[in-house]
1. Of the conditions (1) within 14 Å of chain A (Cβ to nearest Cβ); (2) in a strand (DSSP E or B), B:PHE121 clears all except one; give me its number.
2. Just checking: which of the helices (runs of 4 or more DSSP H) contained wholly in segment A:115-190 hold 1 or more residues that are of a type in the set (Phe, Trp, Tyr)?
3. Considering only segment B:66-90, state which residues are assigned to a loop (DSSP other than H, G, I, E, B) and within 13 Å of chain A (Cβ to nearest Cβ).
4. Test of understanding: among A:VAL188, A:VAL154, A:VAL138, which residue is farther than 16 Å from A:VAL205 by Cα, crowded, with 20+ Cβ neighbours inside 10 Å and either in contact with a Cys (Cβ under 8 Å, 6 or more places away or on another chain) or among the β-branched types (Val, Ile, Thr) (or both)?
5. Across segment A:214-232, which residue is nearest to the other protein chains (Cβ to nearest Cβ) among those that are under 38 Å from the mean Cα position of the chain (by Cα) and assigned to a helix (DSSP H, G or I)?
6. So which residues in segment B:173-227 are assigned to a helix (DSSP H, G or I), modelled with pLDDT under 90 and within 14 Å of another protein chain (Cβ to nearest Cβ), if there are any at all?
7. Here is a check on your reading of the model: is A:THR56 under 30 Å from A:LEU325 (Cα atoms) and assigned to a loop (DSSP other than H, G, I, E, B)?
8. Scan A:ALA229, A:ALA243 and give me the residue that is aliphatic (A, V, I, L, M), touching a Leu at 6+ places or on another chain (Cβ under 6 Å) and under 20 Å from B:CYS181 (Cα atoms).
Amino acid sequence: MSPSTRHEFQSRPSAARRWESAALWLFRTATYVILICGVLVFGNIVFKGSKTVFTTTAPFINVPFFTEAPESLYVFDYQGQKREMGDREFRAFKATHPEAKEIKAESYVYSAGGIFPCIVGTVLLVLGSMIIALTLGVSAAVYLSEYAKQGRAVTLIRLAILNLAGVPSIVFGLFGLGLFVIYLDWNVSLLAGWFTLAFMVLPVVITASEESLKAVPKGFREGSLALGATKWQTIRKNVLPYALPGILTSSILGIARVAGETAPIMFTAAYVVRDKLPWEGLTTVSDFFFQGVMALPYHIYVVSSKIPQNEYTERVQYGTAFVFLVIVALIATCSIVLRNKLRNRYKW
Amino acid sequence: MDIKPSFTAPPSGRSIPVTPSPVGSTLIDIDHVDFFYGASQALHDINLKIEEKKVTAFIGPSGCGKSTLLRCLNRMNDLIDGTRVANGQIKIRGIDIYDPSVDVIELRKRVGMVFQKSNPFPKSIYENITYGLRLQGRSNKSDLDAVVEKSLRGAALWDEVKDRLHSSGLGLSGGQQQRLCIARAIAVEPEVILMDEPCSALDPIATVKVEELIQELRTKFTIVIVTHNMQQAARCSDKTAFFYMGKLIEFADTRAIFMNPANAQTEAYVSGRFG
């Protein structure tokens, strides 16, 4: 009997079938809407930012943008031509062209120069806070899942940690301000920023680490203990290495968050402008930790809302945003590479 | 006889050597032991003497407490919250292993275990076997090499893996993995090897190999094996203990249990009328 004649397994239109179709299209549309939004947002930043970041001549990258500190932009007419120059260049120009001394130039703050100090500051903030967050977070996760007696107290602790994840980042900023900057008298410093950002990302790290530790089979622990290992020996040799890839995956999410948050660092670590780079002007080792830095997200905020907006500031905004995305992607890529290496080494 | 406890951790980190008792004497004395999982009682008044350098089998239907008792012997039940041994003692060479002065780590070095589901570590075969030795601080390469060969030969696995000692233990077949776990257990030279249904996850050919291995090992180690498979107990063991609902029903020479059981329940179980 050929399938074209009517038979008992014949497919028939029905309400269930229509709903199935509708559901499929709903989910598909939702996914594509999200994809389009993502493309639009990233596309917008990449498109506008690349005007600042890339140049038409070799070496095709706007190197001064990456290597210089922000400075004011001067726009003026000279011999019928509209010229734009950064602060240093303008002063040198005035020195070499004495007749130009009287020229009135419009100045735009932070619209020239580069964002090198911001890049350095963000990288330092991310590295320091992730080291602190991973150390504290993994230790807490090991305690909660391996050592602590499961009961009311541990459930309450986990609940408290989850609640921490819902705290607004500005509240973290105020917490950091109150505890680290004022009470511990660290002032606006890398240390204060590190700890504030670390506490902000701690819930994610702890939860993901606990999940990774739980995923390691019980047989590894039992086998190790049955051979006469202590609990810590078992965890160190037979559990933690196999949980590391999962822990590092959580750190990738943490990195993106830590790099992008403005509110926690606004009061605790970031300066609007600083003329020294973090390794300049240090007299003692502790000077390095107790200095504030410039940071990319804060710079975007300053350039976007603290100063008058015009076409020149827009350039810097998008350029900074573009660079910021690239840096987060780079750090995340390093984390992924490290995770894959560990996954291959500790395969189970 | 006043025996100095040999399960307390010696200051040097090395195990204190123990003079073995003559063959046929009691190594493990389980004396009026009750066992509780929280509020529910899993073992009732167990009295059992396990003899040295013999294979003792625990048989019985599911849930009768045989695995529970086995795990008491190396205190693996301590890992579960709320468990306790009450009203009796488990003595190994006269020392109560639940005494507070006993170091569980030292106990587990002397009483090894092979699990039902083989659990080779996801390391190389070599590292699996040297795991227990490194815990004891032994790191001399030639020493470790010698022990690895001895253990793998002892587990009848040497010929099959001698060319790939540094490949992953997970790449072996099920039967080989279980023999690797046995090799790992004997590498630390325990006195007792506890086997919790070691062949239940293995195919018949691998099962035969492991049973032959048990026969070879009994000359050097005291073996306690829990098994669901009565025929396996009949083949492998010298003495058999039949458990039912947390009670020890009968304990005698294997031949007696299977040919001529004294208890009606034992007879019903070994002849297959229930279980």
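The values are calculated or read from the model by the stated rules, or taken from the named source; none is laboratory data. Note that the coordinates shown come from a computational prediction; the quantities given were computed from them, not determined experimentally. FYI the Cβ positions are ideal-geometry reconstructions off the backbone, even for glycines, and counts take in every protein chain you see.
1. Here B:PHE121 meets the rest and fails (2).
2. Values: elements: A:116-142, A:152-165, A:169-176.
Fully inside segment A:115-190 and qualifying: A:116-142, A:169-176.
3. Hits for segment B:66-90 are B:ASN74, B:ARG75, B:ILE80, B:ASP81, B:GLY82.
4. On the way: A:VAL154 fails: crowded, with 20+ Cβ neighbours inside 10 Å; A:VAL138 fails: farther than 16 Å from A:VAL205 by Cα.
Only one candidate qualifies: A:VAL188.
5. Selected residue: A:GLY219.
6. B:GLY174
7. yes
8. The conditions single out A:ALA229.
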